[in-house]
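**Student:** Quick one: the structure is below, questions incoming.
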Amino acid sequence: PEIQNIEALLANLRTMHQISDTVKTIFVQSLAFRNSLATDDRARNMYQVKTFIDHHFADPNLLLNDVAAKANLSPNYFSAVFSEEFGESFKDYLTGLRMDRAKELLLTTNLKCSEIANQSGYNDAHYFSHVFRKNVGLPPQQFRQQTQAKV
């Protein structure tokens, strides 16, 4: 925006020092403007990908590589950008969504743990129980019993 009227800016230049300073200023402002657009595009792209994750977290085949490809980023760069944008890793975010879904199903249904595992994005009920215990502090059945006993 500062260089909208470039002709007027250039017409007032008289010395090499003024030209040099003006060229540096234009260059720095152009880079800053470009970076602000890139940051906005990157953030918008990441929020679109996050929405995709929110809608597909129950798919057990949802993998970092696939989500990174959807964002047109390498898996390593996607991981770094995701963590920077949202304050947690892709894996932690995905696990959190899955655990929230599992807790909701444990509290509101009588489904078996294997069915809850499947609806939460896990093919293997034993692995689901391991992840649940690690994140919640209790095995799924004990979580259900304790919570229902409080009600």
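We did not get these values from a lab; they are worked out from the coordinates using the rules stated. Remember, it's a predicted structure, so these values are computed and weren't measured experimentally. All Cβ positions, even for glycine, are placed from backbone atoms using ideal geometry, and neighbour counts span all protein chains on display.
**Student:** Not counting the cut sites, what is the longest span of the chain without trypsin sites (Lys or Arg not before Pro) that DSSP labels loop and that have at most 12 other Cβ atoms within 10 Å?
**Tutor:** Values: sites that count: R14, K112.
With trypsin sites (Lys or Arg not before Pro) excluded where exposed in loops, the chain gives 15-111 as its longest stretch.
**Student:** Between T95, T108, T15, find the one with the highest GNM mean-square fluctuation for the chain; connect C-alpha pairs within less than 10 Å.
**Tutor:** T15
**Student:** Cross-link partners among lysines for K134, C-alpha distance below 18 Å, same-chain residues fewer than 8 apart left out?
**Tutor:** K91, K103
**Student:** May I pose another question? Could you grab the Rg to Rh ratio for the chain? Cα atoms only, Kirkwood for Rh. Present the calculation step by step, with values, prior to reporting the outcome.
**Tutor:** Working: Rg = 25.4 Å, Rh = 19.2 Å.
On the Cα set of the chain, Rg over Rh gives 1.32.
**Student:** Rounded to the nearest 10 degrees, what's the angle between the helix 125-136 long axis and the longest principal axis of the chain, both from Cα atoms, 0 to 90?
**Tutor:** 70 degrees
**Student:** Scan the chain and hand back the longest stretch that contains none of the GluC sites (Glu not before Pro) lying in DSSP loops with at most 15 other Cβ atoms within 10 Å. Could you put the intermediate results ahead of the total?
**Tutor:** Values: sites that count: E2, E88.
Of all site-free stretches, the longest is 3-87.
**Student:** Does the range 54-101 classify as rounded, prolate or oblate by the C-alpha gyration tensor (a ≥ b ≥ c root eigenvalues; a/c under 1.5 gives rounded; else a/b over b/c gives prolate, otherwise oblate)?
**Tutor:** It comes out oblate by the Cα gyration axes.
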